[in-house]
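Colleague: Following this message is one structure expressed as structure tokens.
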Amino acid sequence: MSNIVNLLLAGLATGAIYALVAIGFTLLWQTSQTINFAQGEFVMLPAFFVLAALNLKAPLWLALLIGLGASLLVLGAMFKLIIVDPMLRHGVLPLAICTMALSIFLKEGVKESYSAEASPFPSLFPSGNVSVLGAQISIQSISIFVFALAAVYLLQAFLMRTSTGRQMQATAQNPSVAKLLGIPVERMILYTFLINAALVALASFLVSPVYLAKFSAGETLGLSAFIAAIVGGFNQIRGAIAGGLLLGVVDNFAAAYVSTQYRGAVPLFLLIAVILFRPQGLFGRAEERTV
């Protein structure tokens, strides 16, 4: 029983990270029809922004702020203005291919300019374990889960309870009608990219102390978050949350009770099952768009 509780809570902590990144996938798709296949590398990069600041003798709190600011600028504003806006005029497929190339560029760029070796990242939470239902659970895992869920709650509150959030939702539902109603659609889309940058930066700060900062960190994380977004429902934030948590738990139990060698195949089987029996995802809704 204690082992099951341990695996469940550890899986929820991992799933919360997947959920943060999957929400970014969902937001970008809803507002601008953007599928960012460099999302995993977007999670990898903020950790190296922080490490670069720490190498310049900045205190941790300032390094984290620098990492967040650099992420908002590079992974939010610059990504939209330099890559998405010019490429989206040519359709979704050219943009998808461009983000695949961006993924390779970021990964190899970090490898060549910083290090090919994994680098330790300072933990934001205390070490040690606490007893939960007889199981010894890492304080770090609990903290990651709680912190990630708090971020998701704040995002949901922003979208539901503020004027800007409601304008962003209107833009996601129908940009043409939103523009007729006087909503600054382009600004709302930019806000979405900035929110995505903040989410991937937060995910990076939470996951890097556990898995270290390394140039290849985004490969598995990006794929898992993409699968989570599809499984939960690519057009629903709540679907991205549920898909991330489900995938984290399934992945952890698969590693423990199936095989560590084939644990990567289990999410793919889950993805195939969802696509076959519920293509819109577990919490998604079927939709049609005029192209």
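Colleague: Which of (1) touching a Gly at 6+ places or on another chain (Cβ under 7 Å); (2) modelled with pLDDT of 90 or more is the odd one out, the single condition Val152 does not satisfy?
Modeller: (1)
Colleague: Does Leu62 satisfy the condition of being at pLDDT 95 or above and either among the polar types (S, T, N, Q) or in contact with a helix residue (DSSP H, G or I) (Cβ under 8 Å, 6 or more places away or on another chain) (or both)?
Modeller: yes
Colleague: Give Leu54, Leu7, Leu75, Leu28 a once-over and let me know the one that is aliphatic (A, V, I, L, M), more than 18 Å from Leu199 (Cβ to Cβ) and touching a Phe, Trp or Tyr at 6+ places or on another chain (Cβ under 8 Å).
Modeller: Details: Leu54 fails: touching a Phe, Trp or Tyr at 6+ places or on another chain (Cβ under 8 Å); Leu75 fails: more than 18 Å from Leu199 (Cβ to Cβ); Leu28 fails: more than 18 Å from Leu199 (Cβ to Cβ).
None of the others qualify; the one that does is Leu7.
Colleague: Counting only residues that are closer than 30 Å to Pro86 by Cα, loosely packed, with under 14 Cβ neighbours inside 10 Å and charged (D, E, K, R), how many does segment 99-144 have?
Modeller: 2
Colleague: If you don't mind, there's one more thing I want to ask. Of the residues in segment 199-232, how many are surrounded by fewer than 24 Cβ atoms within 10 Å (Cβ to Cβ), under 11 Å from the mean Cα position of the chain (by Cα) and farther than 19 Å from Asp251 by Cα?
Modeller: 1
Colleague: Could you check segment 164-195 and list, in sequence order, the residues that are over 20 Å from Ile23 (Cα atoms) and small (Gly, Ala, Ser)?
Modeller: Ser176, Ala178, Gly182
The values are calculated or read from the model by the stated rules, or taken from the named source; none is laboratory data. Small disclaimer: the values here were computed from a predicted structure and weren't measured. Virtual Cβ from ideal backbone geometry, glycine too; neighbours counted across all protein chains shown.
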